[in-house]
There are 2 protein chains.
Amino acid sequence: MPRSKRVTHRDVARLAGVSPAVVSYVVNGGPRGVAPETAERVLRAIEELDYHPNAFARGLRARRTHTVGYVVDDFNPLDVFISPYSAGILTGLTAELKSRGYYLLIYPIAIGEGLSRLEELLRSGRLDAVVVRLVQDPPETDPLLELIADTGVPCICIEQAPSERFGFGSVGFDDESGARRATLYLLQRGHRRVAHLAGDLKYATARARLEGYKRALAESGVPFDERLVEGGQDWDPSLAIAGTRRLLDLPEPPTAILAANDSLAVSAMGLLHREGYRVPEDVALIGFDDVPLAQEVDPPLTTVRIPLAEIGHRAAQLAVQGSEADGDRRQPREVLSTELVRRGSA
Amino acid sequence: MPRSKRVTHRDVARLAGVSPAVVSYVVNGGPRGVAPETAERVLRAIEELDYHPNAFARGLRARRTHTVGYVVDDFNPLDVFISPYSAGILTGLTAELKSRGYYLLIYPIAIGEGLSRLEELLRSGRLDAVVVRLVQDPPETDPLLELIADTGVPCICIEQAPSERFGFGSVGFDDESGARRATLYLLQRGHRRVAHLAGDLKYATARARLEGYKRALAESGVPFDERLVEGGQDWDPSLAIAGTRRLLDLPEPPTAILAANDSLAVSAMGLLHREGYRVPEDVALIGFDDVPLAQEVDPPLTTVRIPLAEIGHRAAQLAVQGSEADGDRRQPREVLSTELVRRGSA
DNA sequence: GCCGCTTGTCAAACCGATTCGAACCGTGCT
DNA sequence: AGCACGGTTCGAATCGGTTTGACAAGCGGC
């Protein structure tokens, strides 16, 4: 097959015996109607020539690029896409966008990178909208959002909520009620000494999970004992192990532990096993996130599932919607609910 | 600040008192020189107007989009980006591309999706080159590569090697020698009964690791005992646990295990602990891949590191290079070497 | 038979850059 | 003075689409 030049809309128009404009109408369902018989001819010509419109020419004139950017405001110097967690979100994003004929361009912000290259991207007209994953809390993320607002690119934030004033749409998880429900579940099973392995309390996510834990205790009339809360400095599993050890050494050790994420829970489980405790008989254990690892450990981890793929889907929907809307009406925050997945560890 | 229209090269030209062509010369270091003093004027105008060239206009004319596609030929219905593994590659890719002023557009192929949408993408002129992650073996991947070859988009494959006839460049890991070295390490430490928890032997990666294991035994004069090889059906950790149990039940159980990846190794470690074996005293354990999880278990996992980020970097380099080369000279396969990371488990 | 309206089509302008061929300019050489 | 020349600059064409404004045809209503 002779890779002959390249096929443009003019070729199609010529073969179909119509003007180039009509080709455009047929391809995009233009503002004017096209006679069915004409459309048929054009379609056949497209088929025959194997015509595929040039995305850049089209984007240039129509100002619609069919591309959404995915920016990760990262805080982890080692791994930009914090593995299974991020993968879930990415899966949802790409699936949704693909089904709508959009593409995803990813742009991780390296630690200490500065915003100038991102500005370049935002102002280059490549993107119809941008989805930003916010892992840090509001004041920290403001320069980034400020820039996006200034460039005028529609923006949807996921996870943390952006400062109100930007008026960006956002989607997050209901961490607090997830933690609350998990704790209530443990209390209902008769546990009275329930501990919490907290995440890095610098981040809203970790704080919300701690809050949910406390609220469940309060609602059940179980006094809060601060010695039962460990961690809080970091998401580092080795700290979790040390914390778990302290919990076990308590005069009245806990009979159940709610960890702030699965990784912490798995680390704790490892220690429990090595120390000869049985899970869940001696100590019940609940994780958070429901990453794939949770199913792979033995016993499989009971955990609070956060709908990772779902947040990706929803963000993509809002992003496309935002890019197609003319007036940039302010969008509200959506909160996705979590679900307790009962497995073997509690 | 009045979001005044949008700034184009003409505005810059007008302000600087030159023709639009000169603006282009200055921005891209055109083929013609520009007088230093003129360039200075243009630069000042660009600065003052905060001019950013439109990527689509530029791409249309210059036929260079500064975008690389990342296609994952996936086989996992649940998780398109198999978590930590994929994240490492993605990190390398994005970092390298960013440093060269390129962007990454990701396109996961869902299971059973067909190739027509991908063809759309490839023929739309959005991509300067494409990086394809091949997880399946050659005959399976041919339709995909056939399509890419037909569209003429330069292509670099990572992990598995593409069929020779395409002439695509590729980068992979030296799985065999990694497994060999790990096994030799165990043998040198005095282990004589060394077992292997194999991955899914449908895939070349798993087979190469098994080969390396066998080769090390042969080189050391240790007879191969097929009862010491478990798994092989899948990468499923629960199979690994069953396999490990069978190994322990052997009349002469192994004193060391080489797992085909970290996830399998961690599962095995869990079982060992629950059964009261100490790692590494009773059974030494080596994983493969060095995903973040390997450092989080206790004892931390000794493992064969494959340079995940590195493969991303290299693939990005080759992709950019391939897109800038005129003649599409065939590129050879590169193999990245692995490294044994000694931690606590062996 | 004329008017106004809708429907379908077309030619031309436009999007915002790059690139080509030609013009311009000051110098050095004959 | 005339000319060739290399370095700059310019105007215009071009990339491949979309969108606008005009126009012709068809049609029902008066």
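Only the coordinates and a few stated rules stand behind these numbers; no lab work does. Just so we're clear, the structure is a prediction, and the values are computed from it rather than from any experiment. Here Cβ is always computed from backbone atoms with ideal geometry, including for glycine, and neighbour counts include all displayed protein chains.
From helices alone, the protein assembly as shown scores -14000 deg cm²/dmol at 222 nm; the rule is -39500 (n - 2.57) for each run of n ≥ 4 DSSP H residues, then divide by the residue total.
Taking every alpha-carbon pair under 8 Å whose residues sit at least 6 apart, chain A reaches a relative contact order of 17 percent.
The value of relative contact order for segment B:9-53, using C-alpha pairs under 8 Å at least six residues apart, is 41 percent. The Cα-based radius of gyration and maximum Cα-Cα distance (Dmax) for the protein assembly as shown are 28.1, 89 Å. For chain A, the Cβ-based charge dipole about the Cα centre amounts to some 1240 debye (Lys, Arg positive; Asp, Glu negative; other atoms uncharged).
The long axis of helix B:262-274 is offset from the longest Cα principal axis of chain B by roughly 40 degrees. Could you please state, rounded to a whole Å, how far the C-alpha centre of segment A:286-346 is from the C-alpha centre of segment A:88-121? Segment A:286-346 and segment A:88-121 have Cα centres spaced 18 Å from each other.
Here, segment A:9-53 has an Rg and a Dmax of 9.1, 25 Å when only alpha carbons are counted. Each other copy places its own label point for A:Ala325 at 4.9 nm from this one, sorted shortest first, where the point lies 7 Å along the Cα-to-beta carbon line. If one takes the longest principal axis of the Cα atoms in chain A, at what angle in degrees, from 0 to 90 and to the nearest 10, does the Cα axis of helix A:204-220 lie? So the inclination is approximately 50 degrees. Taking every alpha-carbon pair under 8 Å whose residues sit at least 6 apart, segment B:178-251 reaches a relative contact order of 36 percent. Net charge of the neighbourhood of A:Ser337, taken over other residues with C-beta under 14 Å away and scored Lys/Arg +1, Asp/Glu -1, is -2. Provide the FRET efficiency to the nearest 0.05 for the A:Glu275-B:Glu113 pair, computing r from the beta carbons and using R0 = 51 Å. Efficiency, from the Cβ-Cβ distance: 0.60.
Across chain B, the fraction of Cα-Cα pairs farther apart than 39 Å, rounded to a whole number, is 32%. Shielding value for A:49-57 is 6, the average number of Cβ atoms from other chains within 10 Å of each residue's Cβ.
Charged neighbours of B:Ala319, selected by a Cβ distance under 11 Å, balance to -1 (K, R count +1; D, E count -1). Over all other residues within a Cβ to Cβ distance under 10 Å of B:Val171, the charged ones net out to -1, with Lys and Arg as +1 and Asp and Glu as -1. With each label modelled as a point 7 angstrom along the Cα→C-beta vector, the A:Glu146-B:Lys202 pair spans 5.3 nm. Take each residue of peptide B:234-242, count the partner chain Cβ atoms within 10 Å of its Cβ, and average: the result is 2. Counted over the protein assembly as shown, the DSSP beta bridges are approximately 10% antiparallel. B:Glu219 label point (Cα plus 7 Å toward Cβ) to equivalent points in the other copies: 6.1 nm, shortest first.
For B:Asp290, nonlocal amide neighbours, meaning residues 5 or more places apart or on other chains whose placed amide H falls under 5 Å from its own, are B:Asp262, B:Val304, B:Ile306. Just list whichever of A:Lys98/A:Lys214; B:Lys5/B:Lys98; A:Lys98/B:Lys202 have alpha carbons separated by over 31 Å in the model shown. Where the Cα-Cα span goes over 31 Å, the pairs concerned are A:Lys98/A:Lys214.
Using θ = phi - 60° in the Karplus curve 6.51 cos²θ - 1.76 cosθ + 1.60, the 3J(HN,Hα) couplings for segment A:18-30 round to 9, 8, x, 4, 5, 4, 4, 4, 5, 5, 9, x, x Hz; x is entered for Gly and Pro. Scanning residues 5 or more positions from B:Phe173 or on other chains, those with amide H under 5 Å from its amide H are B:Glu159, B:Leu336, with H placed 1.01 Å from N in the peptide plane.
A crude spin-label estimate for the pair B:Ser19 and A:Arg63, with each label 7 Å from Cα along the Cβ direction, gives 3.0 nm. Say a paramagnetic label sat at a point 7 Å from the Cα of B:Glu120, along Cα to Cβ; which residues of segment A:31-46 have their backbone N under 18 Å from it? Backbone N within reach: A:43-44, A:46.
Peptide A:119-125 shows a mean partner chain C-beta count of 5 within 10 Å per residue C-beta. Take every DSSP beta bridge whose two residues both sit in chain B; close to 5 percent of them are antiparallel. The C-alpha atoms of chain A define a longest principal axis, and helix A:83-99 lies at about 30 degrees to it.
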